[in-house]
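Following: one structure in structure tokens, then a few remarks.
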Amino acid sequence: MAKRYGILTSGGDCPGLNAVIRGAVLKGETVYGQEFVGFRDGWYGLVYGDIIELSRTRVRGLSHEGGTILGTSRFGPYSEPDGGAENIKKVLKNLEIDGVIAIGGDGTAAASQRLYEDGINIVGVPKTIDNDIAATDYTFGFNTAVEIATESIDRLRTTGNSHKRCMVLEVMGRHAGWIALHSGIAGGAHAILIPEHPESLNQICAWVTSVKNRGRSPMVVVAEGFTLPDMETAHSTKGLDGFNRPRLGGIAEVLAPMIEERTGIETRATVLGHVQRGGVPTAFDRVLATRLGMATTDLVADKGWGQMVVLRGTEIERTTFDEALANHKQVPAAQYQEMRVIFG
Ligand code: F6P
């Protein structure tokens, strides 16, 4: 009998999720005769057995579509009374599903590891625009977010130049500065502020003033998780998310008036927000996501439960959930210093 697998997308959405789903269904059907269903809205669909059939026809032309056709949520598989491995085992048995493919970030990988230890057949695909999962060189979605942030820098530059203002652009990334660093380099920012390397207000204002003194309009890119040396935690005024983590955002609006007051340069803040997660994935992300999706079909065919597919160099490889969770990938000091020497 054909093996049947259930795919879910959990946590924040990310450009490329649909390309993973398409890659898995196409290769799984073609090469292994596997069948697929999708769980609606992340772990919720798994806990409550809410599924849609995923055939070759259903995933046709999907790789360029942003978002996820399955829906997603920050619902945890153990957090509700109906959750937990024993219930999930019954759901999988009733629906005749042989294993789960969970596409998600570190919260999803942690939940998957626990389910695996509790006897669920599960494998994973890492995703996040934040690019902060150490087990993989890149996560799909990151490249798209960087493109969007870079285009925003280009656009802010022309309006900043016209008014001779300092422009501060805040990008996402949670506690990692990858989106800020890459878009800041690509967009030629005069200062890039990331969580891994706090900078003082004096230093930031010195960079801004030196740019202004050369007759230019300063462009500052700040990651949402950036902290000034006197801040104990990243700026957060929006409470907690579904995994009990503080929701970040708004540091640009804190910094802009400080910069303006200290330097006398009119300053505006832009918080880019969820625009970075929306719309069509770049070609790079479509390729990576498709390859990861295809590789999961090999993984489930091999019964490689408890593992994830990851990118190392140019190759798709496998690692355990444990290893993937062991390290948070942050911007190394050397990579930041490499750029910091030309700030200002
Ligand atoms: O992890 C991806 C991410 O976009 C972060 O960069 C950001 O802090 C967070 O998710 C926003 O989450 P939400 O969509 O729940 O507001």
Exercise. With all pairs of different alpha carbon atoms counted, what Kirkwood hydrodynamic radius in Å does the chain show?
Worked result: 20.9
Problem set entry | Mean accessible surface per residue for the chain, computed with a 1.4 Å probe while every protein chain stays in place, in Å² | 41
Exercise. If ligands, DNA and RNA are left out, what is the accessible area of M294 with a 1.4 Å probe, given in Å² to the nearest 10?
Worked result: 80
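If you place +1 on the Cβ of every Lys and Arg and -1 on the Cβ of every Asp and Glu, how big does the dipole about the Cα centre of the chain come out, in debye to the nearest 20?
Details: 35 positive and 40 negative charges, 170 e Å.
Dipole of the chain, to the nearest 20 debye: 820 debye.
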Seminar exercise, completed: Using eta = 1.306 mPa s and T = 10 °C, Stokes-Einstein with Kirkwood Rh from Cα pairs puts D for the range 144-277, in µm² s⁻¹, at 109
For this session: Compute the distance in nm between two label points, each set 7 Å from the Cα along the Cα-to-Cβ direction, one at M231 and one at V275.
Result: 2.1
For this session: Would you work out if the range 169-244 is rounded, prolate or oblate? Take a ≥ b ≥ c from the square roots of the eigenvalues of the alpha-carbon gyration tensor; rounded if a/c is under 1.5, else prolate when a/b is larger than b/c, oblate otherwise.
Result: prolate
For this session: Give me the angle, in degrees from 0 to 90, between the Cα long axis of helix 85-94 and the longest principal axis of the Cα atoms of the chain, rounded to the nearest 10.
Result: 50
Exercise. If Lys and Arg each add +1 and Asp and Glu each add -1, what is the summed charge of the other residues whose beta carbon sits under 9 Å from the beta carbon of Y32?
Worked result: 0
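Need one word for the range 62-194: rounded, prolate or oblate. Basis is the Cα gyration tensor (sqrt eigenvalues a ≥ b ≥ c); a/c below 1.5 gives rounded, then a/b vs b/c decides. Each step should come with its number before you reach the end.
Details: a/c = 3.20, a/b = 2.85, b/c = 1.12.
Because a/c hits 1.5 or more and a/b exceeds b/c, the range 62-194 counts as prolate.
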Exercise. Once both axes come from the Cα atoms, what is the angle between helix 201-213 and the longest principal axis of the chain, in degrees from 0 to 90, rounded to 10?
Worked result: 60
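Under 8 Å for C-alpha pairs, at least 6 residues apart: give me the relative contact order for the range 164-261, rounded to a whole percent. Before the final figure, lay out the partial values.
Details: 180 pairs, mean separation 31.8, N = 98.
That works out to 32 percent.
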For this session: Using DSSP, restrict attention to beta bridges with both residues in the chain and report what percent are antiparallel, rounded to the nearest 5.
Result: 30
Problem set entry | the range 157-230: chymotrypsin sites (Phe, Trp or Tyr not before Pro) falling in loop per DSSP and having at most 13 other Cβ within 10 Å | none
For this session: Before rounding to the nearest 500, sum -39500 (n - 2.57) across all DSSP H runs of length at least 4 in the chain and divide by the residue total; then give [θ] at 222 nm in deg cm²/dmol.
Result: -11500 deg cm²/dmol
For this session: Could you pull out the pairs from K93/K303; K3/K27; K127/K238; K89/K303; K90/K127 whose alpha carbons sit more than 20 Å apart here?
Result: K127/K238; K90/K127
Problem set entry | Solvent-accessible area, 1.4 Å probe, carbon plus sulfur percent, for the range 144-277 | 49
Problem set entry | Whole-Å distance, taken between Cα centres, linking the range 263-286 and the range 122-185 | 7
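Restricting to the range 142-277, compute how many DSSP beta bridges are antiparallel as a %, nearest 5.
Values: 1 of 14 bridges.
Roughly 5 percent of the DSSP beta bridges within the range 142-277 come out antiparallel.
The values are calculated or read from the model by the stated rules, or taken from the named source; none is laboratory data. All figures in this text were calculated on a predicted structure; none of them were measured in a lab. Here the Cβ is made from the backbone with ideal geometry for all residues, glycine too, and neighbour counts use every protein chain on show. To get the accessible areas, we keep the full protein, side chains included, count just its heavy atoms, and leave off ligands, DNA and RNA. Shrake-Rupley method; radii C 1.70, N 1.55, O 1.52, S 1.80 Å.
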